[in-house]
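Visitor: Dropping the structure in here first, questions after.
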Amino acid sequence: MADPLSKIQLLAQMQNERQALLDLLTDVSDEEMQQPGVVEAWSIKDVLAHLTAWEQLFLGWYQAGVRGETPETPAPGFTWGWKSLDLLNQRIYEEHRQASLAAVADAFHASYTQLVATVEAMTEAELHNPGVYTWTRKGTLAASLGANSYNHYRWAANLVKQWRRNERLRRSI
């Protein structure tokens with residue numbers, strides 16, 4: 001998907017994709033939220049912690065850019081290669097897997113609120129002009145934001161849909 005044409009459209013896309021994910025979770029019990037198997041050992045709770053961690057990574061990159069710094073992306077000691085990203089995602093999982101469902105849910109909602117407030121304060125030029133911040137290289141802030149928000153929410157929603165289908169099949173056998 002191309003970068004949205006405006007900040008308003010970007011915020012709407014974030015809200016729509018996040019709401020689609022939340023809608024899938026309305027009738028999922030607390031026990032099911034913590035059941036492994038959504039992504040290998042990950043539960044829905046772990047997926048929400050993953051989304052929160054990546055939102056927070058984005059916010060950290062952005063804040064560093066505003067200060068005129070160039071953060072090490074995606075995180076110190078990691079690269080954008082698949083093997084490195086797998087290791088980073090595993091680290092995120094390990095850091096959050098013992099957290100309670102309530103703590104993960106609270107962080108998930110707080111992070112999104114922080115992300116929306118941050119995007120609302122951004123200018124159109126900041127979002128859509130390539131290379132405004134050194135860490136985006138030749139890309140746009142909007143593209144990085146999309147990868148760490150609405151595209152990620154859609155990814156999570158697809159995982160939850162597949163998990164729910166598999167669970168229904170498993171229970172019908």
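Visitor: Quick one: would you say Val104 is within 26 Å of Arg165 (Cα to Cα), open to solvent by less than 30 Å² (accessible area, probe 1.4 Å) and modelled with pLDDT of 95 or more?
Guide: yes
Visitor: Restricting attention to segment 162-173, and to residues there that are under 23 Å from the mean Cα position of the chain (by Cα) and under 13 Å from Met33 (Cα atoms), which single residue is surrounded by the fewest Cβ atoms within 10 Å (Cβ to Cβ)?
Guide: The residue in question is Arg164.
Visitor: Please work out which residue is most open to solvent (accessible area, probe 1.4 Å), limiting yourself to segment 88-101 and to residues that are out of contact with any helix residue (DSSP H, G or I) (no Cβ under 8 Å at 6 or more places or on another chain) and under 14 Å from Gln34 (Cα atoms).
Guide: Among those that are out of contact with any helix residue (DSSP H, G or I) (no Cβ under 8 Å at 6 or more places or on another chain) and under 14 Å from Gln34 (Cα atoms), it is Gln98.
Visitor: Sticking with this one: Which one of Gly60, Gly65 is under 24 Å from Leu10 (Cβ atoms) and open to solvent by less than 20 Å² (accessible area, probe 1.4 Å)?
Guide: After ruling out the rest, the residue left standing is Gly65.
Visitor: Can you find a residue that is assigned to a helix (DSSP H, G or I), open to solvent by 30 Å² or more (accessible area, probe 1.4 Å) and either under 25 Å from Val119 (Cα atoms) or of a type in the set (A, V, I, L, M, F, W, C) (or both) anywhere in segment 23-37?
Guide: Taking every residue of segment 23-37 in turn, at least one turns out to be assigned to a helix (DSSP H, G or I), open to solvent by 30 Å² or more (accessible area, probe 1.4 Å) and either under 25 Å from Val119 (Cα atoms) or of a type in the set (A, V, I, L, M, F, W, C) (or both).
Visitor: Filter segment 122-151 down to the residues that are in contact (Cβ under 8 Å) with a residue 12 or more places away in the chain and over 19 Å from Leu11 (Cα atoms) and list them by number.
Guide: Val132, Tyr133, Thr134, Trp135, Thr136
Visitor: Do you know which residues across segment 86-104 are among the aliphatic types (A, V, I, L, M) and more than 14 Å from the chain's Cα centre (by Cα)?
Guide: Matches in segment 86-104: Leu87, Ala99, Leu101, Ala102, Ala103.
Visitor: Could you count how many residues in segment 122-160 are within 17 Å of the chain's Cα centre (by Cα) and of a type in the set (Lys, Arg)?
Guide: Total meeting the criteria: 1.
Visitor: Out of all the residues in segment 83-128, which are more than 19 Å from Tyr62 (Cβ to Cβ) and not in a helix (DSSP H, G or I)?
Guide: Across segment 83-128, the qualifying residues are Arg97, Gln98, Ala99, Ser100.
Visitor: Given the criterion surrounded by fewer than 17 Cβ atoms within 10 Å (Cβ to Cβ) and in contact with a Phe, Trp or Tyr (Cβ under 8 Å, 6 or more places away or on another chain), identify the matching residue among Thr123, Thr134, Thr118, Thr113.
Guide: Every option except Thr118 fails the conditions.
Visitor: Within segment 68-87, can you find the residues that are of a type in the set (S, T, N, Q) and open to solvent by 70 Å² or more (accessible area, probe 1.4 Å)?
Guide: Thr70, Thr79
The values are calculated or read from the model by the stated rules, or taken from the named source; none is laboratory data. The structure displayed is predicted, hence computed values, not measured ones. Every residue, glycine among them, receives a Cβ derived from its backbone with ideal geometry; neighbour counts consider all protein chains shown. Note: areas computed on protein heavy atoms with side chains; ligands, DNA, RNA excluded. Shrake-Rupley method; radii C 1.70, N 1.55, O 1.52, S 1.80 Å.
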